[in-house]
Amino acid sequence: MQELDITRAQRVLGHRNLVFVGLMGAGKSAIGRLVAQMLEIPFVDSDHEIERVSRMTIPELFEIYGEAEFRALESRVVRRLLKTGPRVLSTGGGAFMNEAIRANVLANGVSVWLKADLDVLWMRVNKRGSRPLLKTANPRQTLSDLLDQRYPVYETAELTVQSRDVDKETIATETIAAVASLDGGQETVPNS
Ligand code: S3P
């Protein structure tokens, strides 16, 4: 990793959050945590924050209160998290689909869509039963439908990084380089 990219990415963020969006299984938390470490800023995950404040797991929230309540809580939590920065914020897959959250992220953060193919996502989410939206008769088809619905919206994120089956250091490094590329500022040499 080029030191210069880290410095430039930090400068691009300033006090803003670097916000990861994308489907479940894209690696938003794993890559986000690593990017935060590399940029030496805190990491926060909106799903974990929702679980912390509600003292319930995401599957419990869906089961007891339903998706609409979960979305309302998600919206409040993300709005609050966006107020403090800089840090890396990884969001749940549905967060950026919410118009108010999306507008807030686009206005106040630097957004990165972690894009992945269906096979990669499926390989990862299939191992765990923790996604309430995939408790359907044909979860792979459900994931594929979500991909069709959501990719045109995720595409409006400021940056896109392709997540794939390589080590997470590679994706994290590419993410930082993408953020650094938004840096228009030139190093200035003081006049003598
Ligand atoms: C959801 C994704 C999950 C979690 C909830 C709903 C979605 O987060 O917020 O199960 O709508 O895609 P991850 O993307 O971290 O799995």
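The values are calculated or read from the model by the stated rules, or taken from the named source; none is laboratory data. Quick caveat, the model's predicted, so the values are computed rather than measured. Please note: Cβ atoms are built from the backbone with ideal geometry, for glycine as well, and neighbour counts cover all protein chains shown. The protein model used for the area step is the full one, side chains on, heavy atoms only, and it has no ligands, DNA or RNA in it. Shrake-Rupley method; radii C 1.70, N 1.55, O 1.52, S 1.80 Å.
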Hydrodynamic calc, segment 1-91: Kirkwood Rh from Cα pairs, then Stokes-Einstein at 25 °C with viscosity 0.890 mPa s, so D in µm² s⁻¹ is 175 µm²/s
GNM, the chain, Cα, under 10 Å: largest mean-square fluctuation among S29, S144, S75? S144
Computed for the chain: size of charge dipole around the Cα centre, +1 on C-beta of each Lys and Arg, -1 on C-beta of each Asp and Glu, debye to nearest 20, value 460 debye
Result for the chain: accessible area per residue, probe 1.4 angstrom, in square angstrom, of 52 Å²
With a 1.4 Å probe and all protein chains in place, put K115, K83 in order of accessible area, largest first. K83, K115
Could you work out the helix-only [θ] at 222 nm for the chain, with each DSSP H run of four or more residues adding -39,500 (n - 2.57) and the total divided by the number of residues, to the nearest 500 deg cm²/dmol? -16000 deg cm²/dmol
Report the full-extension gain for the segment D167 to D183: residue separation times 0.36 nm, less the Cα-Cα distance, to one decimal in nm. 3.2 nm
Near A36, within a Cβ-to-Cβ distance under 13 Å, what is the net charge of the other residues, with Lys and Arg +1 and Asp and Glu -1? +2
Using the alpha-carbon atoms, what tilt in degrees (0 to 90, nearest 10) does helix 3-13 show relative to the longest principal axis of the chain? 70 degrees
Taking just the alpha-carbon atoms of segment 92-192, what radius of gyration and Dmax come out, in angstrom? 17.4, 72
Scoring only Lys, Arg, Asp and Glu (+1, +1, -1, -1) among other residues with Cβ under 14 Å from the Cβ of Y154 yields -1
Put +1 on the Cβ of every Lys and Arg and -1 on every Asp and Glu Cβ in segment 91-189; which of G94, V166, V112 then has its Cα farthest towards the positive end of the dipole? G94
Across 10 Å bins from 0, what is the distribution of all Cα-Cα pair distances for segment 46-160, in whole percents? 12, 43, 38, 7, 0
Starting from the Cα of E67, move 7 Å in the Cα-to-Cβ direction to define the label point; list residues of segment 116-142 whose amide nitrogen is under 17 Å from there. 130-142
Under 14 Å, Cβ to Cβ, from A9 - net charge with Lys/Arg +1 and Asp/Glu -1: -2
When all C-alpha to C-alpha distances in the chain are sorted into bins of 5 Å, what percent of pairs does each bin hold, rounded to whole numbers? 1, 8, 16, 20, 20, 16, 9, 5, 2, 1, 1, 0, 0, 0, 0
In the chain, carbon and sulfur make up what percent of the accessible area (probe 1.4 Å)? 49 percent
